[in-house]
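S.K.: Provided herewith is a single structure, encoded as structure tokens, for subsequent inquiry.
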Amino acid sequence: MEELKKYFTQKKYEERKRVEELLPLYREYMINILEWNKKINITSIREEKDFIKKHYIDSLCLLKYKEWFQPKTKVIDIGTGGGFPGIPLALFFKEVNFTLVDSVGKKIDVVKNSIEKLPLSNVTLLKERAENIGRLPLYREKYDLCVSRAVAPLLLLSEICLPLVKIGGRFISYKGEEGEGERKDAEKAIAILGGKIEIMDFSFGEEGMEKHGLIVVRKIKSTPEMYPREMKEIKKGWK
């Protein structure tokens, strides 16, 4: 876990004493996921060193914007898969409320089993399709932040995620080199959905990692009631 320790301390994201307290929790979750991965395909990453770089450090690049994670902030993680970026962030921000969503029950079950012995009282797991919960009053426009590392184009993700974000909140998409092109394709739809691109931050990229960054969309007005549509309609795109 030395690489994660180095990341925390060199970036000055946390005091050394708390880093020492956090590292065993990150290690336990990693071991649990890798063990489950032998039975159920959760991640293509098999080695601890790659796990730390490509799951932990990548997920935690949002620490650059720590001020967004105030106590009682509500965060929803769409397409969480093996719990990323939700669990790494939830371990760090104990006073922030996280809801992790995935439509694949086996993945939610793996995350549930992997956090059972961890001190995580700030995580709720939800097996459901994101476009469905975006139409429900219990979830619609209730979150300060929506994060997603889901492998889907920004255009599709925007229609799924922005309805969940309250006015003044943010939808944050983790993207690779494809981000710039996807931004151009999604700008019109984002505006209709009530958002405006606030930040294009591709300043990340630890050694040995692919170029990656964040596209941050600020919610400036309410999403029209007709969105999100059914997935088959979302996939048809926007005219």
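The values are calculated or read from the model by the stated rules, or taken from the named source; none is laboratory data. Computed from a predicted model, the values in this text were never measured in an experiment. Glycine also receives a Cβ, built like all others from the backbone with ideal geometry; neighbour counts cover every protein chain displayed.
S.K.: Name the single residue that is farthest from Tyr26 (Cα to Cα) among those in region 92-101 being aliphatic (A, V, I, L, M) and buried (at least 22 other Cβ atoms within 10 Å of the Cβ).
M.R.: Going through the qualifying residues, I end up with Val101.
S.K.: So, of the residues in region 102-119 that are in a helix (DSSP H, G or I) and of a type in the set (Val, Ile, Thr), which turns out to be surrounded by the most Cβ atoms within 10 Å (Cβ to Cβ)?
M.R.: Val111
S.K.: Now, a different point. Only residues that are free of Cβ contacts under 8 Å to residues at least 40 places away in the same chain, within 21 Å of the chain's Cα centre (by Cα) and outside any loop (DSSP other than H, G, I, E, B): list them for region 9-49, please.
M.R.: Listed by number, the residues that qualify are Leu23, Arg27, Met30, Ile31, Leu34, Glu48.
S.K.: Separate question: Looking at (1) in contact with a strand residue (DSSP E or B) (Cβ under 8 Å, 6 or more places away or on another chain); (2) without any contact (Cβ under 8 Å) to a residue 40 or more places away in the chain; (3) within 29 Å of His55 (Cβ to Cβ), find the lone condition where Lys196 falls short.
M.R.: The single condition Lys196 does not satisfy is (3).
S.K.: Okay, moving on. Residue under question is Ile52, and the condition is that it be over 18 Å from Lys5 (Cβ atoms) and either of a type outside the set (Asp, Glu) or in a loop (DSSP other than H, G, I, E, B) (or both); does it hold?
M.R.: So Ile52 does not fit the description; no.
S.K.: Name the residue that is surrounded by the fewest Cβ atoms within 10 Å (Cβ to Cβ), counting only residues in region 176-204 that are small (Gly, Ala, Ser) and not in a loop (DSSP other than H, G, I, E, B).
M.R.: Among those residues, the one meeting the criterion is Gly181.
S.K.: So, in region 120-135, of the ones that are assigned to a helix (DSSP H, G or I) and touching a Leu at 6+ places or on another chain (Cβ under 9 Å), which residue ends up nearest to Ala150 (Cα to Cα)?
M.R.: We begin by selecting, within region 120-135, every residue assigned to a helix (DSSP H, G or I); these are 130-133.
If we keep only those that are touching a Leu at 6+ places or on another chain (Cβ under 9 Å) too, we end up with 130, 133.
Working: Ala130: 11, Ile133: 17 Å.
The extreme case among them is Ala130.
S.K.: How about region 32-49: which of its residues are over 19 Å from Tyr7 (Cβ atoms) and not charged (D, E, K, R)?
M.R.: Asn32, Leu34, Trp36, Asn37, Ile40, Asn41, Ile42, Thr43, Ser44
S.K.: Additional query: Does Arg129 count as under 16 Å from the mean Cα position of the chain (by Cα) and basic (Lys, Arg)?
M.R.: yes
S.K.: Tell me which residues, restricted to region 1-29, are crowded, with 20+ Cβ neighbours inside 10 Å and within 19 Å of Lys117 (Cβ to Cβ).
M.R.: Tyr26, Tyr29
S.K.: Go through region 153-175 and give me each residue that's buried (at least 18 other Cβ atoms within 10 Å of the Cβ) and not in a helix (DSSP H, G or I).
M.R.: Val165, Gly169, Arg170, Phe171, Ile172, Ser173, Tyr174, Lys175
S.K.: Give me the pairs, please: first residue somewhere in region 228-239 and more than 12 Å from Ser158 (Cβ to Cβ) and among the β-branched types (Val, Ile, Thr), second residue anywhere and part of a helix (DSSP H, G or I) and at pLDDT 90 or above, beta-carbon distance under 8 Å, and either six or more positions apart or on two chains.
M.R.: none
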